[in-house]
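In what follows, a single structure is set out as structure tokens and then discussed.
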Amino acid sequence: MEEELQIILKNYIEKVEQVCNILLKSINRAENLSLRNKYDFFTYRTKCRKMEFEADGISYRMHGIGCAAFRGEEMLIDWDFGYRSRWCGIDPWKVSMTLKYNNSSYKQYYDWNLVKAGCEEAVRKGIMFKKRDRYYFEIRKEETFQPDFPAEYDTLFIEHFNAGWSVPRNKVTDRFVRKSVWVHNRIDESKDQYILRFLSDGREVFTIAYDDVSYPESAVRIMSDEIIKNLRSDNAVTDNGHLA
């Protein structure tokens, strides 16, 4: 993939995140809510069933699995919602149309086939991965560290905003540790992070942040799809974050 196209796609993703966060803040102000991420927004949408929103002069029009944002009659950006907590997945056609509507100087990429070819090349080189016909940037190994998980612990306590769950050590938590061979260096900057506290005899022996982007997919499938999903559905949580 050309460096120029990488920059275009990363700027596109950043712009989507910006307009989505503007929308969340506007909804929270108007309705006294505390939407914090894509999951919160999707839950909110299932209740309100709105297809159009207005926020800070931007019009949002939901469509299919995505959304288009406009300022007046001019389209700012069109995107498909991404995999897991990601706001955006790269659809080559939508990227090309966004560039064209915004009169971008990168006119060669008005041809969506050229964007797709670049993404496919990036997949072959390990720069991107493809999921459900959308493309996403891989985390480069030089941007990661190897976490020093404790060999001995008896409890994993998981915190997320004002919620908390206590999990006795078991085969599933040990499997998560084994699969977590690297973590993104910027995990602490995540806006939707969990805090994993490993305890031994009531004493905290290791703490690390977690989200579903900054870990290997094999580890995410265990933590998000098995551990956290089951805890959220099976356990009540008190206001102070401990199990009821």
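Please determine whether any residue of segment 91-103 is over 12 Å from Leu23 (Cα atoms), without any contact (Cβ under 8 Å) to a residue 12 or more places away in the chain and open to solvent by 20 Å² or more (accessible area, probe 1.4 Å). Don't jump to the end; show me each part of the working.
So in segment 91-103, the residues over 12 Å from Leu23 (Cα atoms) come out as 91-103.
Still in the running and without any contact (Cβ under 8 Å) to a residue 12 or more places away in the chain: 100, 103.
Next cut, open to solvent by 20 Å² or more (accessible area, probe 1.4 Å) only: 100, 103.
Yes; the residues of segment 91-103 include at least one that is over 12 Å from Leu23 (Cα atoms), without any contact (Cβ under 8 Å) to a residue 12 or more places away in the chain and open to solvent by 20 Å² or more (accessible area, probe 1.4 Å).
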Filter segment 203-227 for residues that are open to solvent by 30 Å² or more (accessible area, probe 1.4 Å) and touching a residue at least 12 places away in the same chain (Cβ under 8 Å); the one that is farthest from Arg140 (Cα to Cα) is Val205
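Does segment 48-64 hold any residues that are in a loop (DSSP other than H, G, I, E, B) and either within 24 Å of Asp212 (Cα to Cα) or among the charged types (D, E, K, R) (or both), and which are they?
Matches in segment 48-64: Arg49, Lys50, Asp56, Gly64.
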Log entry, pairs with first residue in segment 46-63 being under 14 Å from Leu24 (Cα atoms) and in contact (Cβ under 8 Å) with a residue 40 or more places away in the chain, second being open to solvent by less than 90 Å² (accessible area, probe 1.4 Å) and among the aliphatic types (A, V, I, L, M), beta carbons closer than 8 Å, six or more apart or on different chains, reads Tyr60/Val19; Tyr60/Leu23; Tyr60/Ala68; Tyr60/Ala69
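Scanning segment 187-201 for residues that are at pLDDT 95 or above and open to solvent by 50 Å² or more (accessible area, probe 1.4 Å), which turns out nearest to Phe137 (Cα to Cα)?
Taking segment 187-201 first, the residues at pLDDT 95 or above are 187, 194-201.
Going one step further and asking which of them are open to solvent by 50 Å² or more (accessible area, probe 1.4 Å), we end up with 197, 201.
Working: Arg197: 29, Asp201: 40 Å.
Looking at residues that are at pLDDT 95 or above and open to solvent by 50 Å² or more (accessible area, probe 1.4 Å), I get Arg197.
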Being among the acidic types (Asp, Glu) and within 30 Å of Glu121 (Cβ to Cβ) narrows Glu31, Glu2 down to just Glu2
Taking segment 104-126 and keeping only residues that are surrounded by 18 or more Cβ atoms within 10 Å (Cβ to Cβ) and under 22 Å from the mean Cα position of the chain (by Cα), one is left with Cys119, Ala122
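How about segment 1-12: which of its residues are in a helix (DSSP H, G or I) and open to solvent by 10 Å² or more (accessible area, probe 1.4 Å)? Reasoning before the result, please.
In the first step, residues of segment 1-12 are kept if they are in a helix (DSSP H, G or I); the result is 3-12.
The answer is Glu3, Glu4, Gln6, Ile7, Ile8, Lys10, Asn11, Tyr12.
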Taking segment 53-74 and keeping residues at pLDDT 95 or above and β-branched (Val, Ile, Thr) leaves Ile58
Scanning segment 140-162 residue by residue, the ones that are open to solvent by 20 Å² or more (accessible area, probe 1.4 Å), within 14 Å of Tyr210 (Cβ to Cβ) and in contact (Cβ under 8 Å) with a residue 60 or more places away in the chain total 2
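Answer with yes or no whether Cys67 is open to solvent by less than 10 Å² (accessible area, probe 1.4 Å), assigned to a strand (DSSP E or B) and under 30 Å from Met223 (Cβ atoms).
Working: open to solvent by less than 10 Å² (accessible area, probe 1.4 Å): yes; assigned to a strand (DSSP E or B): yes; under 30 Å from Met223 (Cβ atoms): yes.
So Cys67 passes the test.
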The strands (runs of 3 or more DSSP E) lying wholly within segment 127-197 that contain at least 1 residues that are more than 20 Å from the chain's Cα centre (by Cα) and closer than 23 Å to Asn37 by Cβ are 155-160, 163-168
Residue pairs qualifying under the 6 Å Cβ cut-off, at least six apart or on distinct chains, with the first in segment 70-88 being within 26 Å of Asp211 (Cα to Cα) and open to solvent by less than 20 Å² (accessible area, probe 1.4 Å) and the second being outside any strand (DSSP E or B) and modelled with pLDDT under 95, are Asp80/Ile65
Scanning segment 13-47 residue by residue, the ones that are surrounded by fewer than 18 Cβ atoms within 10 Å (Cβ to Cβ), over 14 Å from the mean Cα position of the chain (by Cα) and part of a helix (DSSP H, G or I) total 13
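The values are calculated or read from the model by the stated rules, or taken from the named source; none is laboratory data. This structure is a prediction, so every number in the text was calculated from the model and none was measured. Reconstructed Cβ throughout: ideal geometry from the backbone, glycine too, with neighbour counts over all protein chains shown. For accessibility, only protein heavy atoms count, side chains too; no ligands or nucleic acids. Shrake-Rupley method; radii C 1.70, N 1.55, O 1.52, S 1.80 Å.
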